[in-house]
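Just so you know, all these numbers are worked out from the coordinates, no wet-lab data involved. From a predicted model like this one, the values you see are computed outputs, not experimental measurements. Cβ sites come from the backbone with ideal geometry, for glycine too, and all protein chains shown count toward neighbours.
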Amino acid sequence: MQLFRLTILIWCLATGLAAGAWAAPGPAAELGLPSNVAAAMRSIDAERIRAHVRFLSDDLLEGRGTGTRGGDIAAQYIATQFALYGLQPAGDGGGYLQKVGFTGVHTLPATTASLLAADGKAQDLKLGEDYVTGNQWQTDSIDIDAPIVFVGYGIDAPEYHWNDYKGVDVKGKVVLVIVNEPPSTDPKFFNAEALTYYGRWTYKFEEAARKGAVGALIIHRTDLASYGWAVVRSSWSNEQVYLSNDTDPKLKAASWIQLDVARRLFSASSLSLDDMMSSAGKRDFKARDLPVRFKAHIVSAVRKFESYNVLGMLPGTAAGKNSQAVVYSAHYDHLGIDPAMSGDNIYNGAVDNGTGVAVLLELAHAFATSAARPPHPVLFASVTAEEKGLLGSNYLGKHLPIPAAEVALDLNFDAIPPIGVPESVNVTGAERTSFYPTVERTAKAFGYAIQPDAEPGAGHYYRSDHFSLARAGVPAFSINTGVKFAGHSAEWGKDQAQDYTAKRYHSPRDEYSPNMDFSSNASLAKFGFALGWQALLARGTVNWLPNDEFEAARTKH
């Protein structure tokens, strides 16, 4: 009888463990999530994620270029998955697709530019070697001949009591600006060593246009930009893409110049480059007109085209106003095909960003098939044109199907390495929100160490799609692995990241492999699932911390 009882006990124990009944409580229980939410989280499957990545990175999709046949196939595939899951369409006209119009502008070799000193001497500049430029007015050709004004870092930041434009009128002129922002070690002054958006080159052009300038020349310095001139040249040698019908002010000439060109420009003004750059970082800096004009004839190839964001919604069950919706986002576009490249010329984008889209789809599946119904809406947004400058998410931020004021949180997924179970996580930007204690508690429950940003001066927060939602006022950040993985040292994780960047990132070699281990993607999907549910169930909505650069956008709604 004792042997029989022991046998029954062993059988019960074995079957109970197999079903998870005897397992440790797990993160969901530790976080106090309802049992049906916990069950949905456990349903997240690495092999379904694998299947999505394998399809999205197939040669059939031709690298998912923005506005191409392959990109449109990807959009239709994602929309079909949303429909199969039973999500409500949240795009245009009762469908899943949100049409985004674009204008492509490619600066042609016939473009010319020069610096004209007060004595009439001209310094001709070589396109690509000395400068790069783009016509944001999006016309076939445009001419500019205007005086240059040095405005330091070109920043107007009221919260830091800093305005490089004070006391100077730049309307109809060309501003000369330094990349990055005033040096600081004070967290309350331009966030110390961490770059704010004021330091990004995109901000420099936007602010110059808002101030009425017709052109801008950004002085490149490798140490400040965190990348060399070759990166600038290659990026601006390709087509620049803009949102069509965008009413924001634009520049006739959005340009970068080499550091040596800036040195020659200041020399022609009887000024020292080093002295001027040093003075620009001090509070008593004053912008000054230079006795030099910028003259250019910019010739461009212009084309119009369309692409699509894909939007699916799970409605909330709570009565009354929805004020705590959650958005999950990931871009599906990549770089398409390079016809000038011999051999394999398809940029398949398996990791970047087949992985993020696959996580998004698996999250949508987990939410839609769960017995747990969210009290507030959950929007799943797979956006286009990230590789063109976050343009799809930019459009989404301005045309959200849920008002930005009613969105508590955006969680974004971008290029998650499929290399095993993570033991650390990167959530850069979460610390800027009131949600961060929840992020810390959730990471602990999952056994993750939160990895700080290894390069705070590089401004990574401003280089992925969550940033577009942040600009609309929505608390937002991306979720990715850190460098520590189960069974490996942190150095191994760093080596894997460096190897990917060196050999596969933005290369045709970013392809699917059966050897990929999508347990990392599934693990982060569960982490994001738990975070989203906690935002949905919280007593109050998420906000930016006081004095954050996006707080004003949040409070204006």
Built amide H within the under 5 Å cut-off of residue 213, gap 5+: 172
Sequence-separation-based contact order of region 105-302, relative, with Cα cut under 8 Å and 6+ spacing, percent: 40 percent
Sequence-distant residues sharing a close amide H with residue 156 (under 5 Å, placed H): 164
Protection proxy ranking of 279-290, 96-107, 261-272, 323-334 - average other beta-carbon atoms within 10 Å, highest first: 323-334, 96-107, 261-272, 279-290
Taking all pairs of distinct alpha-carbon atoms in the chain, Kirkwood radius in angstrom: 25.1 Å
Cα pair distances exceeding 25 angstrom across region 409-557, given as percent: 30 percent
Where N is the number of residues in region 306-360, Cα Rg divided by 2.2 N^0.38 Å: 1.74
Net charge contributed by nearby residues that have their C-beta within less than 10 Å of residue 67 (K/R +1, D/E -1): +1
Residue 43 long-range amide H proximity, modeled H, under 5 Å: none
Qualifying chymotrypsin sites (Phe, Trp or Tyr not before Pro) for region 354-431 [loop in DSSP, other Cβ within 10 Å: at most 11]: none
Net charge, residue 412 excluded, C-beta distance under 12 Å - Lys, Arg +1, Asp, Glu -1: -3
Counting DSSP beta bridges with both ends in region 105-302, the antiparallel % (nearest 5): 65 percent
Net charge, residue 258 excluded, C-beta distance under 15 Å - Lys, Arg +1, Asp, Glu -1: 0
Coordinate range along principal axes, alpha carbons of region 105-302, Å, largest first: 46, 41, 31
Cleavage-rule hits, trypsin sites (Lys or Arg not before Pro), region 299-369, DSSP coil, Cβ neighbours within 10 Å at most 11: 321
Sparse-neighbour loop sites [trypsin sites (Lys or Arg not before Pro); region 155-197; at most 13 other C-beta within 10 Å; DSSP]: 166, 171, 188
Separation between Cα centres of region 47-95 and region 521-554, rounded to whole Å: 26 Å
